[in-house]
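Remarks on the structure that follows.
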Amino acid sequence: MNAIRPFCLPVLTCLFLSLTGCMGGTTPPSQFYLLEPINEKESSAIETRAKPVIALGRVRIPRYIDRPQIVVGTGGNTYRLNEFNRWAESLDTNISRVLTQNLSMLVPAEVVDARSSNLARQAKLRVSLTILEFHVDRHGQAGLTAQWFISRGQDVIQNRQITYRTPGSTDDYSTIVAALNECLNRMSRDLSASLQQVLQDMGS
């Protein structure tokens, strides 16, 4: 038995590595996604010499989507988290950046982080946004429900809750992300229109 052990060990090691390689070869590579801002061609035709400053507060998202995995509703109060299709960064950070770029383009304004920018103290308006829903349901319908507050100083000028729906997919994650992105961009357009109206009313 002692003479056989040196021979058996390399054989068993090779067999283990072969099995490990086979198992590893069946694992699909992870895909990572980001939400993107709207096309620059959609920017507002309104131009001002001195852009107003708008402070954007922290975008709040529900806990069920505050994770790397993309979430899809499967019905019956159940959701699926896909381990191989993930957000490339934290979703609240991604939404905040896209919203900042969209509003800067559409209002137009100097949109800054209310928490970290010195310009926030000069802001004419402040925006707070809470995402209440942001996922694709079991029918492949992308949904975004959000509530925003537009404030001037301590006064809330507008409090609005709005919902968007866009056809997507249940298993094609590129289509899922694109549909969610469209919902976010539609919200950006509506929020920018509200901000422009408030700014015009303040100037009149």
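The values are calculated or read from the model by the stated rules, or taken from the named source; none is laboratory data. All of these numbers come straight from a predicted model, not from anything done at the bench. Glycine gets a Cβ as well: all are built from the backbone with ideal geometry, and neighbour counts include every protein chain shown. The accessibility values were calculated without ligands, DNA or RNA, using every heavy atom of the protein model including side chains. Shrake-Rupley method; radii C 1.70, N 1.55, O 1.52, S 1.80 Å.
What are the residues in the range 160-196 that are open to solvent by 50 Å² or more (accessible area, probe 1.4 Å), out of contact with any strand residue (DSSP E or B) (no Cβ under 9 Å at 6 or more places or on another chain) and within 17 Å of Met105 (Cα to Cα), if any? Arg189, Ala193 - these are the residues of the range 160-196 that are open to solvent by 50 Å² or more (accessible area, probe 1.4 Å), out of contact with any strand residue (DSSP E or B) (no Cβ under 9 Å at 6 or more places or on another chain) and within 17 Å of Met105 (Cα to Cα).
So which residues in the range 124-156 are at pLDDT below 95 and open to solvent by less than 80 Å² (accessible area, probe 1.4 Å)? Result: Gly153, single match.
Would you check if Ser174 is of a type in the set (Gly, Ala, Ser), under 19 Å from Ile54 (Cα atoms) and at pLDDT 95 or above? No; evaluated as a whole, the condition is false for this residue.
The number of residues in the range 71-83 that are touching a residue at least 40 places away in the same chain (Cβ under 8 Å) and farther than 18 Å from Gly168 by Cβ comes to 1. For the range 53-65, which positions are modelled with pLDDT of 95 or more, of a type outside the set (Val, Ile, Thr) and open to solvent by 20 Å² or more (accessible area, probe 1.4 Å)? Once the filter is applied, which keeps residues that are modelled with pLDDT of 95 or more, of a type outside the set (Val, Ile, Thr) and open to solvent by 20 Å² or more (accessible area, probe 1.4 Å), the range 53-65 yields Arg60, Pro62, Arg63, Tyr64.
When Leu19 is tested against (1) exposed (fewer than 15 other Cβ atoms within 10 Å of the Cβ); (2) under 30 Å from Val107 (Cβ atoms); (3) modelled with pLDDT under 95, just one condition goes unmet, and that condition is (2). For the range 66-109, taking the residues that are outside any helix (DSSP H, G or I) and of a type in the set (Lys, Arg), the one that is least open to solvent (accessible area, probe 1.4 Å) is identified as Arg86.
Matching residues to (1) within 21 Å of Gly140 (Cβ to Cβ); (2) in contact with a His (Cβ under 9 Å, 6 or more places away or on another chain):
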{"position": "Tyr79", "(1), (2)": "yes, yes"}
{"position": "Trp87", "(1), (2)": "yes, no"}
{"position": "Ser90", "(1), (2)": "no, no"}
{"position": "Pro108", "(1), (2)": "no, no"}
{"position": "Asn118", "(1), (2)": "no, no"}
{"position": "Val127", "(1), (2)": "no, no"}
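Flag set for Ser117, criterion: modelled with pLDDT under 95 and open to solvent by less than 50 Å² (accessible area, probe 1.4 Å).
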